1. Which residues, counting only those in the range 160-183, are buried (at least 19 other Cβ atoms within 10 Å of the Cβ) and either in contact with a strand residue (DSSP E or B) (Cβ under 8 Å, 6 or more places away or on another chain) or basic (Lys, Arg) (or both)?
2. Report, ordered by the first and then the second residue, all pairs with beta carbons closer than 6 Å, sequence separation of six or more or different chains, a first member in the range 122-135 that is farther than 11 Å from VAL104 by Cα and in contact (Cβ under 8 Å) with a residue 60 or more places away in the chain, and a second member that is crowded, with 24+ Cβ neighbours inside 10 Å and basic (Lys, Arg).
3. Could we say that ALA22 is touching a strand residue (DSSP E or B) at 6+ places or on another chain (Cβ under 8 Å) and under 22 Å from ARG164 (Cβ atoms) here?
4. Any residue at all in the range 110-126 that's exposed (fewer than 15 other Cβ atoms within 10 Å of the Cβ), within 13 Å of GLY60 (Cβ to Cβ), touching a helix residue (DSSP H, G or I) at 6+ places or on another chain (Cβ under 9 Å) and of a type in the set (Val, Ile, Thr)?
5. Out of all the residues in the range 65-75, is one or more modelled with pLDDT of 95 or more, aliphatic (A, V, I, L, M) and surrounded by 21 or more Cβ atoms within 10 Å (Cβ to Cβ)?
6. Quick one: how many residues across the range 187-217 are over 15 Å from the mean Cα position of the chain (by Cα), aliphatic (A, V, I, L, M) and under 12 Å from GLY29 (Cα atoms)?
7. Regarding the range 34-45, can at least one residue be identified that is touching a residue at least 60 places away in the same chain (Cβ under 8 Å), assigned to a loop (DSSP other than H, G, I, E, B), within 27 Å of GLU158 (Cα to Cα) and not β-branched (Val, Ile, Thr)?
8. Can you say whether GLU39 is of a type in the set (Asp, Glu) and under 30 Å from GLU181 (Cα atoms), as far as the supplied structure shows?
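The values are calculated or read from the model by the stated rules, or taken from the named source; none is laboratory data. Nothing here was measured: the structure is a model prediction, and the numbers come from that model. Neighbour counts are summed over all protein chains in view; Cβ atoms, including those assigned to glycine, are modelled from backbone coordinates with ideal geometry.
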Amino acid sequence: MPLTFDDLLTRARALPRDGRRAVLGIAGGPGAGKTTLAEHLVRELNTGGEPWAAHVPMDGFHLADAELDRLGRRDRKGAPDTFDAAGYAALLRRLREEPDGEVVYAPGFERVLEQPIAGAVPVPPTARLVVTEGNYLLLETGAWARVRPQLDEVWFCEVEEAERVRRLVARHEEFGKGRDEAVAWVLGTDQRNADLVAATRDRADLVVPASALPVHAHRADGNAPARPER
């Protein structure tokens, strides 16, 4: 039987055990649909009552452009060494430890500004499941190796390569790049990152095909969502 979104909901709902909070990671290359899946999971799990699930993207740990300029890494923003991987791992550990009655604040990422925003994502104490998503959750180099031990499971989003590239170009155009600039970035910087992420696929607990996304995440014509996927 093909994997369905309802199967994913059931699996996610079962992750918190013995009264403790669980952390689910969703990995995959740029444009694979990680954010779309995370948002739909959290929305469905939070239907009715107090928030039971929270969404904490890895993107909030992008280094600011000023720091990337200082380090000489601005031209490859999005590569593993353009994030605060150690800070991200520390936040995941804090979320697992779950201080009693405290809201834990995570950074967010403003797509228009392309900058991290401190304290933008509240995780309430009622959240029994934290869904986090990003490219490098399964990377085993440097501080990224500290991330996987903090995750109960990691799912890997997989999408046909031409569709992934199409989504990425559309995303870059939506947020201000011209067509030629967007294509050059996707086939250059983004592709190098995508190749690195693809090599981590076999470390995932579950591979999620594009067909497992909820039906309402797609346009009626069968194409990808109007908002470019991440």
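1. ARG164, ARG167, ARG171
2. GLU133/LYS34
3. In short, no.
4. yes
5. Within the range 65-75 (the criterion being modelled with pLDDT of 95 or more, aliphatic (A, V, I, L, M) and surrounded by 21 or more Cβ atoms within 10 Å (Cβ to Cβ)), the answer is no, since none of the residues qualifies.
6. Within the range 187-217, residues that are over 15 Å from the mean Cα position of the chain (by Cα), aliphatic (A, V, I, L, M) and under 12 Å from GLY29 (Cα atoms) number 2.
7. Within the range 34-45, none of the residues are touching a residue at least 60 places away in the same chain (Cβ under 8 Å), assigned to a loop (DSSP other than H, G, I, E, B), within 27 Å of GLU158 (Cα to Cα) and not β-branched (Val, Ile, Thr).
8. Yes, satisfied.
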